Amino acid sequence: MQATDHYDSVRPGLVAMLPRLKRFADVLAADRAAGRSLLARALQYMLAQQYLYQRGTALDVWAYSELYRQWRHELSSQSEPIAQARVDDKRFGALFHIDEDNYLDAPVIAFLGGLPPQQRLTLLLVYGDGFEHEDAARILDVTPETIAARLVRMSAALTDRLSARPPAQAAAIVETLYPEGLEASQ
Amino acid sequence: MTELSDELLVAYVDGQLARKQIRAVDKVLEQDDVLGARADALKHAHARLEAAFEAILAGEEADVSAAKLVDEEDGFWVPWRTFKFVVASAGLIAALGLAALGYGWPVSAPGLGSAPQFELPVTPQPSNAN
């Protein structure tokens, strides 16, 4: 049976990448409980619709895309989508594991918490997961040029914040919650 | 001071440039301390971002390990893993003991004893003789 074949290949792959999927969902939702809940719904959908997964494509790219698609789908049904994306600093800070040295990079965490979800994910995909710009673009449904533009803006903003240089203009790092088809051309 | 945009510097720091471009940027950075410091600051910011994302993953992996440990240690009086091992060992020892006492599986192969005999009931054929 075809569905069983796909089940055999997709499910173990998803299980193996569960910590990374959790991180993606948590960073997207900026909250552990909301992230877990989103991931559970997305995983149910992925397992039910796994025949949509095309062999040969990277499973992580597919799974992240589906997770992100689920989030956008749920966001579009909210009456106040921007309110949904507001970050509770305490909950967001709780996502970061404190190591033996009791060290927590508060300025970087505050910077990430202040970003819109799409920009947070762009940083996570490129610097956390090590994806190429093309794959990150595929996951977030934007062009690679948009990914590159976001990285430049956010890298400059973070570098300015961490160093003594005066911060970049606020307008340069503002982005909307909705898909930015026109963003790259601007 | 040479003009080198953040766009080019970020691409340089992220390893997104072609080899020729990398060499050209390297030359500029050697000669310009301000740009060199900016490139270093960008590298430093990226390293801190990587460390922050790694800290989240460390938490997620610790969660998964803890869940696995609880799963493995689950059981009534003894952990399931120990229980399963003891039951399997007891079964194996019992099977070997029974085999040694002559209670092995019945074997029917040519040269290893007689094949089971079945007697089929013979029903008399109805005769057509009048």
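The values are calculated or read from the model by the stated rules, or taken from the named source; none is laboratory data. These numbers come from a predicted model, not from an experiment. Virtual Cβ from ideal backbone geometry, glycine too; neighbours counted across all protein chains shown.
Please state which of the following conditions A:L104 fails to meet, knowing it meets all the rest: (1) surrounded by 13 or more Cβ atoms within 10 Å (Cβ to Cβ); (2) modelled with pLDDT of 90 or more.
Single failed check for A:L104: (2).
Pairs please, first residue from segment B:33-57 and free of Cβ contacts under 8 Å to residues at least 24 places away in the same chain, second anywhere and among the aromatic types (F, W, Y) and buried (at least 16 other Cβ atoms within 10 Å of the Cβ), Cβ atoms under 6 Å, 6+ apart in sequence or on different chains.
Note: pairs meeting the criteria are B:L49/A:Y127; B:E50/A:Y127; B:A55/A:F96; B:I56/A:F96.
Results for (1) surrounded by fewer than 24 Cβ atoms within 10 Å (Cβ to Cβ); (2) of a type outside the set (D, E, K, R); (3) outside any helix (DSSP H, G or I), shown as yes or no for each residue.
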position: A:L124; (1), (2), (3): no, yes, no
position: A:Y127; (1), (2), (3): yes, yes, no
position: A:I139; (1), (2), (3): no, yes, no
position: A:V142; (1), (2), (3): yes, yes, yes
position: A:E145; (1), (2), (3): yes, no, no
position: A:A149; (1), (2), (3): yes, yes, no
position: A:V152; (1), (2), (3): yes, yes, no
position: A:A157; (1), (2), (3): yes, yes, no
position: A:R161; (1), (2), (3): yes, no, no
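Filter the helices (runs of 4 or more DSSP H) completely within segment A:40-119 down to those with at least 1 residues that are touching a Lys or Arg at 6+ places or on another chain (Cβ under 8 Å).
Once the helices (runs of 4 or more DSSP H) in segment A:40-119 are filtered for at least 1 residues that are touching a Lys or Arg at 6+ places or on another chain (Cβ under 8 Å), what remains is A:59-76, A:89-93, A:106-113.
Assigned to a helix (DSSP H, G or I) and at pLDDT below 85 - does that describe any residue in segment B:51-60?
Looking for residues that are assigned to a helix (DSSP H, G or I) and at pLDDT below 85, one finds at least one in segment B:51-60, hence yes.
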